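Let me begin by presenting the structure, written as structure tokens, before commenting on it.
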């Protein structure tokens, strides 16, 4: 008998939730094959086995919280996949696991649909049977969009709800819908509240005239794309400006560990991304060593992975400072919340034409952006925070200087 245990996930992750079983009891398992998907605080992880054999027992069902090192399944190297010696308890787990895959435990000969973890998760949420979905993928792979299209088509002629709706017992007696929070959303909520309770968070504001950057992008966009194969965006300018400012004000690149300050001499910049399961912050590692083109390409790749739920734990770890861009959603001004244990986060906002005084007699409409710096006042003083933000403003308004300082 071989015990399948929850592997070490990451330094800061000690548990996960069984999202779905990828096989059923009685299936033959090959070494290196994925058998279960775990939902963690940051990403979904498929657990592979280091052994070959037959899956004889599932000790956990979808929704169960499991700890690192905990046994979740049993493999038998000597039992064939057709062996009828399953116990009733094993069959129960098989039925429960099969239900999450959208197949009947009695239909062992039905081929399991090829679907991405994100598609399987969406199918469970919407109550969709994966075997009923026709994929447009040439290889028959089912994507989240296939699930959504099938769900909408099958419900176009009915008004039945896709999720349980409970009627409130209040005097108004109006309908409400209860949805279980995903593990990631629960952790996000918990950590945001913890930051508010443990950090002395303040926010300072400034505004940036984006004329110079917009002019560079207009003049250089075609040649930049021809040379590097990626478009010159705003994020590379902001990342470079943040790195240069962090070098001048290193306490904003630090964290508190007990009664000591850990001042980091590397610059791994987190870029907040809105993913389907909630906000994630993938990291541009060693941003100080990256060119504008490299930063733009990395951010594009990380953003796509975030939307496809394919980020790895390594891509989410080690950030020293975070940039968040609410402007892409139209936010004019906000107070971003710290991404603990970091002590600084820069908020970008939408660009608007506003009248700006050029001198005592002239005014012009300029493309202006409000920027916000939230910081932990326990180790960063107001003077340092304001000076940091003023430095970012100066560098962005004179972007050529980033070649020297960024």
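The values are calculated or read from the model by the stated rules, or taken from the named source; none is laboratory data. Keep in mind it's a predicted model, so treat the numbers as computed, not measured. No Cβ is skipped: glycine too gets one built from the backbone with ideal geometry, and neighbour counts run over all protein chains shown.
Does residue 295 satisfy the criteria of being touching a helix residue (DSSP H, G or I) at 6+ places or on another chain (Cβ under 6 Å), surrounded by 16 or more Cβ atoms within 10 Å (Cβ to Cβ), in a helix (DSSP H, G or I) and in contact (Cβ under 8 Å) with a residue 12 or more places away in the chain? Taking the combined requirement at face value, the residue satisfies it. If you filter the stretch 176-202 down to residues that are surrounded by 16 or more Cβ atoms within 10 Å (Cβ to Cβ) and at pLDDT 80 or above, you find that the one that is nearest to residue 278 (Cα to Cα) is 195.
In the stretch 254-270, of all residues being touching a strand residue (DSSP E or B) at 6+ places or on another chain (Cβ under 6 Å) and not in a loop (DSSP other than H, G, I, E, B), the one that is nearest to residue 241 (Cα to Cα) corresponds to 269.
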